[in-house]
Amino acid sequence: MQSVIFITGATSGFGAATARKFAENGWKVVATGRRLERLQALQDEFGAETVHIAQMDLTDPDSIQNALTGLPEDFRPIKCLFNNGGLALGTLPVPNAKPEDWRIMAETNMMGLVHMTTAAVPMLKEAGKGASIINVGSVAGNYAYKGGNFYGASKAFVRQFTMNLRTDLADTDIRVTDLAPGMAKSEFTKVRTYGDDEANEKFYEGADPILPEDIAETVWWLANLPPHLNVNVLEMMATCQTPAGFNIRRR
Ligand code: NDP
Ligand code: 8X3
C-alpha cells in the first residue's frame, strides 16, 4: 500500500515543492490550500490517482473537517501530516504593527495548525508505526528581530505545541517534529509585504536563501526515518544567514 502525506499550504513554496517530491517518489499526496487553480495544476501534473486535492482554509475548522471527511478510501490513512500552511503579515515594529494582521496570523499559524492536527490524529494513529506530524516553525520563533513581533511569537507557539503534542501522543507511534527554517525563497516575503514584488526581490538580493526544494528534501528525510527515531526540533538556516547578535542602544 502506498503511503499518504497530507500537506497544508501546497499551493506555493515549501508545500508545493514537498508535494512534488513525494508524488515523484511513490507516495500519494493530499494537497490543500485556498487557491484551487494551483491545486488543480498540481493534480494535472501527477494525475488524480497520485494527488488528491481539497480546497481548504486553515482559519475555518469546518473546511478542515470537510477535507478529512472527503478523503477517498485510497488516500487513507494519513501517514505524514505536513503542517506547513502559514504566513507572516507586516514588517512594522510595535506600536505600528497591525492588530488585524496579528489576528490572521493567530487564526492561521496557531489555531489552524491546532485544528488540523487534532482532526487528523485519529487517522495518523491508524497508520501505525512510522506515522509523523511535521510542523513548520521558524527561526523567528527562536530568535528576536525587529518587526518579528507576532509572527515570531506564533512560531514559538508552534515549537512548544509540538513538544506538548509529542507528550500527549506518548502512547502512540506518531512522531512529532518542529522544523524551523530560516530565510527561504518562496512567496513568503511577497505575502508579508502585502504583494510588494519589489520588496520581495530586495529581500533576497545578493543572498543564497534556502530553497523550497531544500525543505522538501528535509521533509522527505524526516518522514522516512526509521520509525523508532523522532527528531524533536530541526532548525536550519542558509549558510549566508547567522543568528543576530544582541542590540545595544548606546547613549
Ligand atoms: P508561501 O507564501 O510560498 O506559501 C504559504 C502557503 O500557506 C501557501 O500555500 C498558502 O496557500 C498557505 N496558506 C496561507 N494561509 C492559509 C490559509 N488561511 N489556509 C490555508 N492555507 C493557507 O510561503 P512558504 O512556503 O515560505 O511558507 C510555508 C511555511 O513556512 C509557513 O508556515 C511559513 O511561516 C514558514 N516559514 C517560511 C520561511 C521563509 O523564509 N519562506 C522560513 C521559515 C518558516 P493559499 O494562499 O493558497 O491558501
Ligand atoms: C521566516 C523566517 O527570518 O524571515 O519564518 O522570519 S524569517
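The values are calculated or read from the model by the stated rules, or taken from the named source; none is laboratory data. All of these numbers come straight from a predicted model, not from anything done at the bench. Reconstructed Cβ throughout: ideal geometry from the backbone, glycine too, with neighbour counts over all protein chains shown. Calculation scope for accessible area: heavy atoms of the full protein, side chains included, ligands and nucleic acids excluded. Shrake-Rupley method; radii C 1.70, N 1.55, O 1.52, S 1.80 Å.
Per-residue ellipticity at 222 nm computed for the chain from its helices equals -12000 deg cm²/dmol, with DSSP H segments shorter than 4 residues left out and the rest contributing -39,500 (n - 2.57). Computed from Cα atoms, the angle from the helix 212-223 axis to the main principal axis of the chain rounds to 50 degrees. Remark: the residue 143-residue 194 segment gains 16.0 nm on full extension, using 0.36 nm per residue and subtracting the alpha carbon distance.
Of the solvent-accessible surface of the stretch 4-236, computed with a 1.4 Å probe over protein heavy atoms with every protein chain present, carbon and sulfur atoms account for 53 percent. If I take R0 = 30 Å and measure r between the Cβ atoms of residue 49 and residue 160 in this structure, what FRET efficiency does the formula 1/(1 + (r/R0)^6) give, to the nearest 0.05? Computed FRET efficiency for residue 49 and residue 160 comes out at 0.20.
Under the simplified labelling scheme, the residue 233-residue 35 pair shows an inter-label distance of 3.2 nm, with each label point 7 Å from Cα along Cα→Cβ. When every alpha-carbon pair in the chain is counted, what percent end up more than 23 Å apart? Percent of Cα pairs beyond 23 Å in the chain: 48.
Counting 0.36 nm for each residue step from residue 125 to residue 73 and taking away their Cα separation leaves a gain of 17.1 nm. Relative to the globular-protein estimate of 2.2 N^0.38 Å, the Cα radius of gyration of the stretch 41-113 stands at 1.43. Taking a straight line from the alpha carbon of residue 155, these lysines sit under 17 Å away, with near neighbours fewer than eight places off in the same chain left out: 146. Protein heavy-atom accessible surface, 1.4 Å probe, per residue over the stretch 4-236: 45 Å².
Placing pseudo-labels 7 Å out from each Cα toward the beta carbon at residue 204 and residue 250 gives an inter-label distance of 3.7 nm. Cross-link partners for residue 129 among the aspartates and glutamates, with Cα-Cα distance under 16 Å and sequence neighbours closer than 8 places in the same chain left out: 171, 173.
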